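Just passing along the structure, written as structure tokens.
Readers should treat all values here as calculations from the given coordinates under stated rules, not as data from a laboratory. Bear in mind that the values here come from a model prediction, so they are computed numbers and not experimental data. Glycine gets a Cβ as well: all are built from the backbone with ideal geometry, and neighbour counts include every protein chain shown.
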Amino acid sequence: MLDIQQLRRDLPGVTARLQTRKNPQPFLDVERFSALEAERKAIQTRTEELQAQRNSFSKQIGQLKAKGEDTAAVMAQVAGIGDELKASAERLEALQAELATMLMSVPNLPHDSVPEGADESGNVEVRRWGTPGTYAFDVKDHVDLGGALGLDFDTGAKLSGSRFTFMRGPVARLHRALAQFMLDLHTQRHGYTECYTPYIVNREVLEGTGQLPKFKDDMFWVYRGRSPADGEGGVQQEQYLISTSEISLTNTVREQILEAEALPIKLTAHSPCFRSEAGSAGRDTRGMIRQHQFDKVEMVQIVHPEHSYAALEEMVGHAEAVLQALELPYRVITLCTGDMGFGSTKTYDLEVWLPAQNTYREISSCSNCEAFQARRMQARFRNAQGRPELVHTLNGSGVAVGRAMVAVLENHQRADGSITIPAALRPYLGGVEVLTP
């Protein structure tokens, strides 16, 4: 959530920055916001006047009582002021609630270093690592390669519908090995604490990291307790399947005041991720690139505001280390203002080379959210002056397990359909050097 004080100080500047995300900016109803702010100011001014009057009348009542004179008329005026103050307080509360609701749908402001652009065509390549391989045979995609290794889309569809995958045998073992390798790398080399998180979370948790209210249609949600269809008296708790463990990891510091010495906090977790992929009909329908359920190893950092951009560069390096160890060519992209996520001030995407598609595809996204999520969660630390201050939060994929498996299958394929296992991964497969059908 943006700082409302920033909007009050510089509404034109904020809206101009929002227009770099999309022009004309659809996020903030400037006219309505200005009207609510004008009414809020008027109420607060009137409240101060009424409080001053009430104080004055209270003194008069004391003086009249001291003289033994009648106080009824003055007390009636005080009672009238009390009624007006009560009505003003109720209206002010309603105004504040509407303003807060408005801000919940406004995205974060891009950092000054982010390139401006309307869509992905404005993204900027930062660097590349590795050289795409050449093959003396016709390359196969991961669907054809994986089928002989236990990658079963038909059974996934039979069990759960389209965009679900069933794995058995060698490919299931490879999938598990990749996740274990990533966790070990991030905990043993990069200093993250491994976590296991719930896969179902409450509504306010998703509000804290920005998935709600804007992206409800992208989530899978469930209800605990009685359904409204069960009639009156039903009590429900609205909950959601996580779309990333960023949600649960970041919210571990919600409604807390941390000591500065506790920062940075670095957390990682392997979890399934559930996404309805609303609006993606017809996109990446073949294979594992876009699934309703997939696994990811997530990285989250909670840091001092002065260190968040250094932490972002560090986190990108941690994701790169995974791809380098797996011997996968990739490139790093800075997302432009029009292609960034809702809560991000700056995002780098890592795109891995897929030979069968002859292109790079996203496998990790690392973002600095500055205080945007922390303000929604009320996650703070005590600064050098001992005062509570909002932390900065960062998240990054370290990396998507399914897409890493796709990349390993395609980049390390051999003419006979077997797969050369990268050296870093072999200990997790019992020393196996080649995965054979």
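Remind me, relative contact order of the chain in percent, using alpha carbon pairs under 8 angstrom and six or more residues apart? Show your work: numbers first, answer last.
Values: 795 pairs, mean separation 86.5, N = 437.
So the answer I get is 20 percent.
Moving on to the next point. Distances over 41 Å make up what percent of all Cα-Cα pairs in the chain?
Of all Cα-Cα distances in the chain, 30 percent exceed 41 Å.
Still on this structure, please answer the following. Enumerate the aspartates and glutamates that residue 59 could reach by cross-link, defined here as Cα to Cα under 18 Å, with residues fewer than 8 away along the same chain left out.
The reachable aspartates and glutamates, counting only those whose Cα sits under 18 Å from residue 59, are 48, 49, 69, 70.
From Cα pairs below 8 angstrom and at least 6 apart in sequence, can you work out the relative contact order of segment 312-398, rounded to a whole percent?
On the way: 149 pairs, mean separation 23.0, N = 87.
Relative CO of segment 312-398 lands at 26 percent.
Skipping prolines and chain starts, which residues have an amide H placed within reach, meaning under 5 Å, of the one on residue 398, given they are 5 or more residues away or on another chain?
297, 298, 299
If the cut-off is a Cα-Cα distance under 15 Å, which aspartates and glutamates reach residue 22, setting aside same-chain residues fewer than 8 apart in sequence?
116, 119, 120, 339
Excluding residues fewer than 8 places away in the same chain, name every one of the lysines whose C-alpha is closer than 25 Å to that of residue 266.
Qualifying lysines at Cα under 25 Å: 296, 346.
Hey, another quick one. What dipole magnitude, in Debye to the nearest 20, does the chain give about its Cα centre under +1 on Lys/Arg Cβ and -1 on Asp/Glu Cβ?
Details: 47 positive and 56 negative charges, 91 e Å.
Dipole of the chain, to the nearest 20 debye: 440 debye.
Can you compute the helix-only [θ] at 222 nm over the chain? Use -39500 (n - 2.57) per DSSP H run of at least 4 residues, normalise by all residues, nearest 500 deg cm²/dmol.
Working: 12 runs with 162 residues, N = 437.
Estimated from H runs of four or more residues: -12000 deg cm²/dmol.
Hey, another quick one. Considering Cα pairs under 8 angstrom that are at least six residues apart, work out the relative contact order of segment 1-101 and quote it in whole percent.
25
Towards the positive end of the charge dipole of segment 120-435, with charges on Cβ (+1 Lys, Arg; -1 Asp, Glu), say which of 126, 142, 415 has the farthest Cα.
Most positive-ward Cα: 142.
Nearest 20 debye, what's the magnitude of the dipole of segment 4-104 about its Cα centre given +1 on Lys and Arg Cβ and -1 on Asp and Glu Cβ?
380
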